[in-house]
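Comments concern the structure below.
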Number of protein chains: 2
Amino acid sequence: MSALPTTNRRIVLRERPVGLLSWDHVEIEDGPMPEMGENEALVRTEMIGIDATMRSWLNAGEGYLPAVEIGEVVRASGAGRVVASNCPAYEPGDIIIGLSGLQEYFTCTDDLFSSKVAAGSDIAPLLSIYGSTGLTAYVGLIDIGQAKEGETVVVSAAGGATGSIVGQIAKLMGCRVVGIAGTDEKCRFVVDELGFDAAINHRTDDLAAKLKEHCPKRVDVYFDNVGGRVLDAVLGRIAQNGRVVLCGSISAYNETHKPPGPANYINLISRRGRMEGFIALDHWDRFPEITEVLRGWVESGEVRHVEHFFEGLESSVDALNALFTGANTGKVIIRVADPS
Amino acid sequence: MSALPTTNRRIVLRERPVGLLSWDHVEIEDGPMPEMGENEALVRTEMIGIDATMRSWLNAGEGYLPAVEIGEVVRASGAGRVVASNCPAYEPGDIIIGLSGLQEYFTCTDDLFSSKVAAGSDIAPLLSIYGSTGLTAYVGLIDIGQAKEGETVVVSAAGGATGSIVGQIAKLMGCRVVGIAGTDEKCRFVVDELGFDAAINHRTDDLAAKLKEHCPKRVDVYFDNVGGRVLDAVLGRIAQNGRVVLCGSISAYNETHKPPGPANYINLISRRGRMEGFIALDHWDRFPEITEVLRGWVESGEVRHVEHFFEGLESSVDALNALFTGANTGKVIIRVADPS
């Protein structure tokens, strides 16, 4: 192993963003190398997974995790190899997934937020289907959404990391699956490549008309990644005892004023529907079990995982914004360094 | 028993209302006596219960029950005594609760919608706490809302038929109970007479500030009868794993355009909350069991039921509108006739 560098390139929050993130809000800098504390390991970041929720952490105020403070490294999950260790659980060369942040090196210990994975593992899928993305898709669709064979499942941001997995699992379960995405290319992708029954382009299609056409028996489960008018339209087509799984609200994360709520929530009364939020982190105890199930589906070819790579920490702003502009298909991952 | 009249006074829908109901939309007329079919009984209406949901039945389009059609008697639940019967289950003099409609006489059979109650029963509570109102309050709070001892429960339309019972049951369960109502008089009533911990006047108080003051540990269960900005404000104060029970939406029933949805629904994601609609009718199988529980509480003096009487079918429009203008305290009941 080569000698460690003396500086650590990292992305630091300088100013709370309003709207889409830009380089006015974050800065790339050469910071000091992180210091390993007792029982900690130093990890060289190879890849970082980019989630829409990262944008919400940059806003002030209370969320399900504390806001990133001005001057702090932007929070993110990443993976890499241990280069030095004071932690008995980790040895140099071990592959670790943890809360890396957007930086070249990070320290971690053996806790809930960090874990060692099998030697020789491909890193990218660990940040997507075998990471919180896979857990989110599985728990949301099955535990929260209670999807059942023969039901109609609609998922938004269908070409994205979570949506693409949700739809494929729902197909495996024998559901009719309709994806909602923002480009014709992604609509074709989820139908032709991932096997969805139909797809709707929310930018160009008449949402209500297309939902009616593609969901003749209404919508039993809606896995919502976007909120806003798409959520409202699907609530307009919700079935008796329908379930709306609130996973995210891409349409709102960049807004300075809260967008209007879904007026069609009122259908939940007459149709005995439910709308429920969840955070995958709460279901972390089921992570090993669920990951094994997903691994079986991937290895048998029944479920595909798709990654969309960006190169280098310099791509951080573009990588995050891709989730909101719809530029990505599959999980957005920044390649920070090759294995050394 | 005196001879039957030859006409039946009744309230008929003439035109779909826009906004509050008026005599431009409904008409009082002397119709023909209803004809008893095979296996039917003829009942003389003594009291009719008035629910907010009746207003929704007057709108065109699909609901959980079909819309009342132009020319039809306005649908309502009522009670009275059998005056003639072809139905083996009913004898003259039996007290029957059924879908009477707003009229002096109605026919019914022995089915889900009609039932005979014990001779000598007081009729008014059968239309409130021992009727669908009690069932709605109990099922909504306990089955849908899953209220537990020590939790904070907020209920809107707190001085109304359902709200007043919800709050009292929640107090019995050991919850902190905060009512939201539209007049200071009703706020005083629910606190001083029904034992709520606090009340908020949604017309004059700063809702967000008062919710913060009276719900220091946030809101675990919100029993929503009104929708609109009250629902939005409570969602702004929802607790981790909070439950919103969607029972009704008084604020919307008279609107021609759907009011905006609750922007704060987004808190359901980070706080892992749930919003769920229900219709008491779906839980009809539990009616006898739940009514017995409620009867025990009423007889021990632990729960009070309150009725607000209007006199005669001529009061129909005022009686229904009272639910939307906030003129009532407790269950609105029209007295149509004395026992003969």
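Of note:
- Scope region A:23-41; condition exposed (fewer than 14 other Cβ atoms within 10 Å of the Cβ) and of a type in the set (D, E, K, R); matching residues: A:ASP24, A:GLU27, A:ASP30, A:GLU35, A:GLU38
- Residue check for A:VAL221: buried (at least 19 other Cβ atoms within 10 Å of the Cβ) and either in a loop (DSSP other than H, G, I, E, B) or at the interface with chain B (Cβ under 10 Å from one of its Cβ atoms) (or both): no
- For region B:90-123, filtering for residues that are touching a residue at least 40 places away in the same chain (Cβ under 8 Å), over 23 Å from B:ILE50 (Cβ atoms) and of a type outside the set (Asp, Glu) leaves 3.
- The set of residues in region A:1-57 that are small (Gly, Ala, Ser) and closer than 16 Å to A:CYS108 by Cα comprises A:GLY37, A:ALA41.
- A:VAL230 touching a residue at least 40 places away in the same chain (Cβ under 8 Å), within 30 Å of A:PHE113 (Cβ to Cβ) and either surrounded by 19 or more Cβ atoms within 10 Å (Cβ to Cβ) or more than 9 Å from chain B (Cβ to nearest Cβ) (or both): no
- Yes/no for B:GLY296 being modelled with pLDDT of 95 or more and open to solvent by less than 10 Å² (accessible area, probe 1.4 Å): no
- Condition met for B:LEU141 (within 17 Å of B:ASP224 (Cα to Cα) and touching a His at 6+ places or on another chain (Cβ under 7 Å)): no
- Scanning region B:256-305 for residues that are on the phi > 0 side of the Ramachandran plot and in contact (Cβ under 8 Å) with a residue 12 or more places away in the chain yields one hit, B:ARG272.
- Residue within region A:14-35 that is within 23 Å of A:ILE95 (Cα to Cα) and among the basic types (Lys, Arg) present: no
- Selection count where residues are surrounded by 20 or more Cβ atoms within 10 Å (Cβ to Cβ), under 29 Å from B:GLY277 (Cα atoms) and of a type outside the set (Val, Ile, Thr), scope region B:91-114: 5
- Residue check for B:ASP51: modelled with pLDDT under 95, more than 18 Å from B:ARG9 (Cβ to Cβ) and among the acidic types (Asp, Glu): yes
- On inspection, A:THR204 qualifies as more than 14 Å from every other protein chain (Cβ to nearest Cβ), out of contact with any strand residue (DSSP E or B) (no Cβ under 8 Å at 6 or more places or on another chain), of a type in the set (Ser, Thr, Tyr) and open to solvent by 40 Å² or more (accessible area, probe 1.4 Å).
- Residue within region B:130-138 that is within 30 Å of B:ASP30 (Cβ to Cβ) and in a strand (DSSP E or B) present: no
- Positions within region B:139-162 being open to solvent by 10 Å² or more (accessible area, probe 1.4 Å) and closer than 24 Å to B:GLY326 by Cβ, in sequence order: B:ALA157, B:GLY160, B:ALA161, B:THR162
- Checking each residue in region B:279-293 for being open to solvent by 70 Å² or more (accessible area, probe 1.4 Å) and more than 14 Å from every other protein chain (Cβ to nearest Cβ) picks out B:ASP285, B:PRO288, B:GLU289, B:GLU292.
- Scanning region B:123-144 for residues that are of a type outside the set (Phe, Trp, Tyr), under 21 Å from B:CYS175 (Cα atoms) and in contact with a helix residue (DSSP H, G or I) (Cβ under 6 Å, 6 or more places away or on another chain) gives B:ILE129, B:THR133, B:GLY134, B:LEU135, B:THR136, B:ALA137, B:VAL139, B:LEU141.
- Subset tally (residues that are open to solvent by 50 Å² or more (accessible area, probe 1.4 Å) and within 22 Å of the chain's Cα centre (by Cα)) for region A:11-22: 3
- Breaking point among (1) open to solvent by 50 Å² or more (accessible area, probe 1.4 Å); (2) within 9 Å of chain B (Cβ to nearest Cβ), for A:GLU276: (1)
- When B:ARG237, B:ARG176 are checked against the criterion of being more than 13 Å from chain A (Cβ to nearest Cβ), crowded, with 19+ Cβ neighbours inside 10 Å, touching a residue at least 12 places away in the same chain (Cβ under 8 Å) and under 22 Å from B:ARG272 (Cβ atoms), B:ARG176 stands alone in meeting it.
- For region A:72-83, the tally of residues that are open to solvent by less than 40 Å² (accessible area, probe 1.4 Å) and either over 30 Å from A:SER121 (Cα atoms) or under 22 Å from the mean Cα position of the chain (by Cα) (or both) stands at 6.
- Taken as a whole, the structure leaves B:GLU255 outside the set of residues that are at the interface with chain A (Cβ under 8 Å from one of its Cβ atoms), open to solvent by 10 Å² or more (accessible area, probe 1.4 Å) and charged (D, E, K, R).
The values are calculated or read from the model by the stated rules, or taken from the named source; none is laboratory data. These numbers come from a predicted model, not from an experiment. Note: ideal-geometry Cβ built from the backbone for every residue, glycine included; neighbour counts use all protein chains shown. These area figures cover heavy atoms from the full protein model, side chains too; ligands, DNA and RNA do not enter into them. Shrake-Rupley method; radii C 1.70, N 1.55, O 1.52, S 1.80 Å.
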